[in-house]
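Some notes on the structure that comes next.
What follows is calculated from the coordinates using simple rules that are stated; it is not laboratory data. The structure presented is a predicted model; accordingly, all values stated were derived computationally and were not measured. Note that we place each Cβ from the backbone using ideal geometry, even for glycine, and neighbour counts take in every protein chain shown.
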Amino acid sequence: MAVDFASWRRSETAPCPSGGAQARKQALAEALAAGLLAGPAVLLLLALFLLPVLAVFVIAVTDWQFGARSLSFVGLKNFAELFADPVFRRSLVNTVLYVCIVVPATVGLGLLIALLIESGPRLRAFYRAIHFLPYMATLAAMAIAWEALLHPTIGIVNQTLASLGLPTPNWLRDENTVLPVLAVIGIWQGLGFAMVLFLAGLKAIPVDLYDAAEVDGADATLDRLRVVTLPMLGPVMMFVVIVTALRAFEVFDTVKILTQGGPAKASEVLLHTLYVESFEFLRTGYGAAVTVVFLFIVVALTLLQARILDRRVHYS
Amino acid sequence: MTFGVVLRDITKSFGPTPVLRGVSLDIAEGEFLTLLGPSGCGKSTLLRIVAGLETQDVGTVSIGGRPVDALRPKQRDVAMVFQSYALYPHMTVGQNLALPLRMRRLSKLQRLPLLGRVLPGTRALAGTIARDVAQTAAALEIDHLLERKPGQLSGGQRQRVAVGRAMVRQPEVFLMDEPLSNLDAKLRVAMRAEIKDLHRRLGVTFVYVTHDQAEAMTLSDRVAVMLEGELLQVARPRDIYADPEDRRVAEFVGSPKINLIEGRVREAGAVDVAGTTFHLDTGLGRGKAVTLGLRPEAFGAAERAGPGVITGAVRLLEHLGSDLYAHVDVPGQQAPLIARLPAEDDAGPANGGTLHLRPRLDHVLLFAPDGRRLRPAQARRIMPLPLREPA
């Protein structure tokens, strides 16, 4: 929320004809009240977010191991080691690939489903609900269900493929299929979220605009999309893209449960590397360096997207 | 006479709710016709049916002599101005104006963002489009706004852009759905004059929807009064006011509202009304109920009570500068009568005082209990009275 602090301060210190002392007293009381009201949130933010981030930055330049009683400053050694490490590089590339599959597919399919639901009056609530269910479900539990579906011999996916005479890959144990399959699960999970936001965005488009477009001659589906729907969905689109990208960068549950980064690091992703280094190998300093890189990417991406999209997005 | 728009027996229901009940209307080419009625009377739906944005359940629409029922809005050669203006907020004013032309003149391929520009012919067409947009913008004096987005414009400017977008492709029929109701009162009066002027310059058919009687009266060649999905009367503005066909028309048009007084026929040529007797020919038999409609300006002051004089207590006086409206409580009447009196009359009535009013009998409108206008042979009058703005 944008708060106009400048004008707030002005009004606070504005000269009062009925006595400066009283005005000052009132201003003080207001400031105190503001502090009290914002206080709990600020404390929580500090304790749960800012201080841990600071701690991560500090640990990243040390050789601390989880549980160790001593640590020493090592400078950027962790980072140097990191970027020389083929596992980390693989993990970085995999994560970027995963995001590049998940974001366009989630946004595109979410929009498509939202448009389909919005265009037909029948069973809207039903379609909305079934597409939103995966988002509500616990991903860890759903991952196990997916594992059963994708089982190389008794899974329904391969049994169906086999009955059609098609090849039956071992989806989660094959270097070539594992990342796309994880991406499909990610898309399946995030689709409902994108769809619900797009539905809300579609509802907010004034019907008059479609009428005007129809009278003006833009009545074909693609013309309507280009003239009215997509531009008017700009702000929602920006939000969905950013949130989906951030969630995709954070992919962890499915990897941890289904593949543990395998086979041969083909599904190793940043958060999984971070987890393994920090909590399995207990190399906390090294893990913190991975975290710093991860944070850097996420923040940079957010800023970049906000900047690019903000310029092309119309806010009415 | 050639007809711009012809509607035959248009019927439309939304679910179980009937919105239009068999509306037939002939609108002459080049005519300015206003659909006037309260909200929910179906006037906007009728306009949308003419535009092709809604489909009628029954009935036919022809524009320029050709049936258009099977045609989509863009094929009907109509342009529409919406109450909300419906400008594309992400496009500049120039792009807004150009869109209808781009959609008509450029092929699907030529409209593509990058490829379109290099296709043969696109550049020449884009040139003609830019020229037409510039011409329209100049005519509406919005040429300095072409680079701006609608969000940066004032209400009046947006309204002009909306009109411009309708005008730019020179349609056969202009449809306007309450185009002025989002403007403030002062601007509304100014834009009213501009729309009238626009109609004169373009000379094409205008169908204009409004609930504002002042707009309807000042702009139109003819006014079609609608109520509950029916056309009650289609006539010139002054006939709508002075010669209404139906009690509901008389009630809807005119501000302050027409006074309606219940009376009973005493004998041929005499009606008992509000404690007095009027010498009026109603054409009805003895003892029949009749409603007298009296516009506020149909009263004159009388010296004392007597036959043909209504006497009551002044409840409220409204000085409007040029006029004085007296609200008078009359025994046996639910609502007070409102009479317009000359304002300069210093010796006029006082609040709470008694006022004697003598209606001009040639100004009385008679209505049957079912709301139908009664026109006995002798009762012919025209009221050459000025229209006024609602106070």
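Shown for B:Met167, A:Met232: other C-beta atoms within 10 Å of each C-beta, ranked fewest to most, produce the order A:Met232, B:Met167. In chain A, helices alone account for a calculated mean residue ellipticity at 222 nm of -22000 deg cm²/dmol, with every DSSP H run of four or more residues adding -39,500 (n - 2.57). Compactness ratio for the protein assembly as shown: Cα radius of gyration over 2.2 N^0.38 Å (N = residue count) comes to 1.40.
Computing FRET efficiency as 1/(1 + (r/R0)^6) for B:Arg131 and A:Ile205, where r is the C-beta to C-beta distance and R0 is 45 Å, gives about 0.90.
The sum of -39500 (n - 2.57) across all DSSP H runs of n ≥ 4, divided by the residue count of chain B, sets its helix-only mean residue ellipticity at 222 nm to -7000 deg cm²/dmol. Close Lys pairs in the protein assembly as shown (alpha-carbon distance under 23 Å; sequence gap of 8 or more, or different chains): 10. Most simply put, chain B has about 75% antiparallel DSSP beta bridges, counting only bridges with both residues inside it. Panel order for A:Cys100, B:Cys41, by other beta carbons found within 10 Å of each beta carbon, from fewest to most: A:Cys100, B:Cys41. Here the dipole of the protein assembly as shown is about 840 debye; that uses its Cα centre as origin and unit charges on the Cβ of Lys and Arg (positive) and Asp and Glu (negative).
The residues A:Leu97, A:Leu258, when put in order of fewest to most other Cβ atoms within 10 Å, stand as A:Leu97, A:Leu258.
Take each residue in A:230-238, count the other chain C-beta atoms within 10 Å of its C-beta, and the mean is 1. Residues in the stretch B:63-68 carry Karplus couplings, in order, of 10, x, x, 10, x, 10 Hz; the curve used is 6.51 cos²θ - 1.76 cosθ + 1.60 with θ = phi - 60°, and Gly or Pro positions show x.
Taking every residue in B:83-93 and counting other chain Cβ atoms within 10 Å of its Cβ, the average works out to 5. A crude spin-label estimate for the pair A:Phe83 and B:Ala214, with each label 7 Å from Cα along the Cβ direction, gives 7.3 nm.
When the Cα atoms of the stretch A:145-272 are aligned to their principal axes, the ranges along those axes come out at 57, 38, 21 Å in descending order.
Taking a span of 27 Å or more along the helix axis (Cα atoms) and a mean Kyte-Doolittle hydropathy of at least 0.0 as the rule, the DSSP H helices of chain A that qualify are A:20-45, A:86-119, A:178-203, A:284-312. Placing a label point 7 Å from the Cα of A:Asp174 along the Cα-to-Cβ direction, no residue of the stretch A:247-275 has a backbone N closer than 11 Å.
Inter-label distance, A:Leu116 to A:Ile257: 2.5 nm, where each label sits 7 Å from its Cα along the C-beta direction.
Separation of the stretch B:266-325 and the stretch A:221-292, taken as the distance between their Cα centroids, equals 83 angstrom. Note on A:216-229: average number of Cβ atoms from other chains within 10 Å of each residue's Cβ is 5. DSSP beta bridges fully contained in the protein assembly as shown are about 75 percent antiparallel. Starting from the Cα gyration tensor of the stretch A:36-164, take the square roots of the eigenvalues, sort them a ≥ b ≥ c, and report rounded, prolate or oblate (rounded when a/c is under 1.5, otherwise prolate if a/b is larger than b/c, else oblate). In terms of gyration-tensor shape, oblate. Two tests apply to each whole DSSP H helix in chain B, Cα reach of 24 Å or more along its axis and mean Kyte-Doolittle hydropathy of at least 0.0, and the ones passing both are B:122-139. Label-to-label distance, B:Asp329 versus A:Ala21, with points set 7 angstrom from Cα along the beta-carbon direction: 5.9 nm. A prolate overall shape is assigned to chain B, the ratio a/c of its alpha-carbon gyration tensor axes (a ≥ b ≥ c) being 1.5 or greater and a/b exceeding b/c. For chain B, the Cβ-based charge dipole about the Cα centre amounts to some 1580 debye (Lys, Arg positive; Asp, Glu negative; other atoms uncharged). Per the Kirkwood treatment, what hydrodynamic radius in Å, one decimal, follows for the stretch A:77-312 from the mean inverse distance over all distinct Cα pairs? Result for the stretch A:77-312 stands at 19.9 Å.
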